[in-house]
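Engineer: Submitted below is the structure of interest, expressed as structure tokens.
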Amino acid sequence: MPEITITPSNADGDNKWYKTIPKVTITANSALGENLVYTVAGAMQEEGGEKEKKVGFEGGKASFTLDVTKIGYTRITARVEGDGGKESKEITEFIKYDNTKPYIIVDKLEPKGTYGENGWMTTEAEVKIEAEDTGSGVKGYTYEVVKVEGGTQTKIKESANMIEKEVPIKIETDGEYVIKVTIHDNAGNKLEGQ
């Protein structure tokens with residue numbers, strides 16, 4: 001019976017995600033093996049569907065290493081073709097890769113009141129924070145509202161780790177403010193902005 005293994009490098013992100021390009025080694029040992037047959041599907045699927053690739057055996061062993069370079073989930077399968085068309089049982093491994101940081105969308109939403117001179121609001125304003133991540137998805141984020149006075153910054157509001165996709169923040173007192181946001185994705189990538 002052939003012995004087949006699919007061995008990925010160690011995941012370096014959170015929740016078994018890779019933040020750097022994972023290397024995957026497919027190995028088979030078989031005295032009667034002719035080809036190690038593998039497919040790569042999902043994020044790395046080639047246009048036109050899954051395509052089988054084959055690596056020949058030498059001295060009862062076949063081995064191949066590949067890099068998973070596309071963001072998202074990738075399924076890798078492998079089996080051995082033997083003499084006379086006999087095939088081994090197929091094995092499968094899933095790889096999750098995301099090296100992209102989440103991104104922040106900060107917009108002024110329907111400010112209550114009107115703008116005065118020089119772009120200043122004359123009544124309370126509401127700002128919406130929205131987070132997106134196209135790889136592993138947004139895990140959560142935090143924000144703080146900082147009042148700026150004469151070069152001094154004073155934190156006036158801070159959130160705990162939030163998982164909502166978007167949150168409105170109300171600014172109700174006069175002054176100049178900065179909103180600082182940190183977003184984490186499920187792979188452990190982080191983006192800080194203001």
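The values are calculated or read from the model by the stated rules, or taken from the named source; none is laboratory data. All of these numbers come straight from a predicted model, not from anything done at the bench. FYI the Cβ positions are ideal-geometry reconstructions off the backbone, even for glycines, and counts take in every protein chain you see. Accessible surface areas use protein heavy atoms only, side chains included; no ligands, DNA or RNA. Shrake-Rupley method; radii C 1.70, N 1.55, O 1.52, S 1.80 Å.
Engineer: Restricting to segment 19-54, name every residue that is among the charged types (D, E, K, R) and at pLDDT 90 or above.
Structural biologist: Scanning segment 19-54 gives LYS19, LYS23.
Engineer: Any idea which of (1) open to solvent by less than 50 Å² (accessible area, probe 1.4 Å); (2) within 23 Å of LEU36 (Cα to Cα) is the one THR65 doesn't satisfy?
Structural biologist: Here THR65 clears every test but (1).
Residue-wise test of (1) over 30 Å from TYR18 (Cα atoms); (2) touching a His at 6+ places or on another chain (Cβ under 9 Å); (3) modelled with pLDDT of 85 or more.
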{"site": "GLY119", "(1), (2), (3)": "yes, no, no"}
{"site": "GLY137", "(1), (2), (3)": "no, no, yes"}
{"site": "TYR141", "(1), (2), (3)": "no, yes, no"}
{"site": "GLU144", "(1), (2), (3)": "no, no, yes"}
{"site": "LYS147", "(1), (2), (3)": "yes, no, yes"}
{"site": "GLY151", "(1), (2), (3)": "yes, no, no"}
{"site": "ILE156", "(1), (2), (3)": "yes, no, no"}
{"site": "ALA160", "(1), (2), (3)": "no, no, no"}
{"site": "VAL167", "(1), (2), (3)": "no, no, no"}
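Engineer: Now for a separate question. Tally the residues that are over 15 Å from PHE64 (Cα atoms) and either modelled with pLDDT of 95 or more or buried (at least 17 other Cβ atoms within 10 Å of the Cβ) (or both), restricting the search to segment 1-13.
Structural biologist: Of the residues in that region, 5 qualify.
Engineer: In addition: How many residues are crowded, with 16+ Cβ neighbours inside 10 Å and either of a type in the set (Ser, Thr, Tyr) or not in a strand (DSSP E or B) (or both) when one looks only at segment 160-187?
Structural biologist: 4
Engineer: Going by the structure shown, is LYS170 in contact with a Phe, Trp or Tyr (Cβ under 6 Å, 6 or more places away or on another chain) and under 19 Å from TRP120 (Cβ atoms)?
Structural biologist: Answer is no for this residue.
Engineer: So, in segment 14-29, how many residues would count as being open to solvent by 20 Å² or more (accessible area, probe 1.4 Å) and either in contact with a strand residue (DSSP E or B) (Cβ under 7 Å, 6 or more places away or on another chain) or closer than 30 Å to GLY60 by Cβ (or both)?
Structural biologist: 6
Engineer: Please go through segment 138-158 and give me each residue that is surrounded by 15 or more Cβ atoms within 10 Å (Cβ to Cβ) and not hydrophobic (A, V, I, L, M, F, W, C), ordered by number.
Structural biologist: Result: LYS139, GLY140, TYR141, THR142, TYR143, GLU144, LYS147.
Engineer: Could you tell me which residue of segment 170-194 is nearest to the chain's Cα centre (by Cα), considering only residues that are under 20 Å from THR152 (Cα atoms) and of a type in the set (Gly, Ala, Ser)?
Structural biologist: Filtering segment 170-194 for residues that are under 20 Å from THR152 (Cα atoms) and of a type in the set (Gly, Ala, Ser), the one nearest to the chain's Cα centre (by Cα) comes out as GLY193.
Engineer: Look through GLY84, GLY59 and report the one residue that is at pLDDT below 85, open to solvent by 40 Å² or more (accessible area, probe 1.4 Å) and among the small types (Gly, Ala, Ser).
Structural biologist: Just a single option satisfies the conditions, and that option is GLY84.
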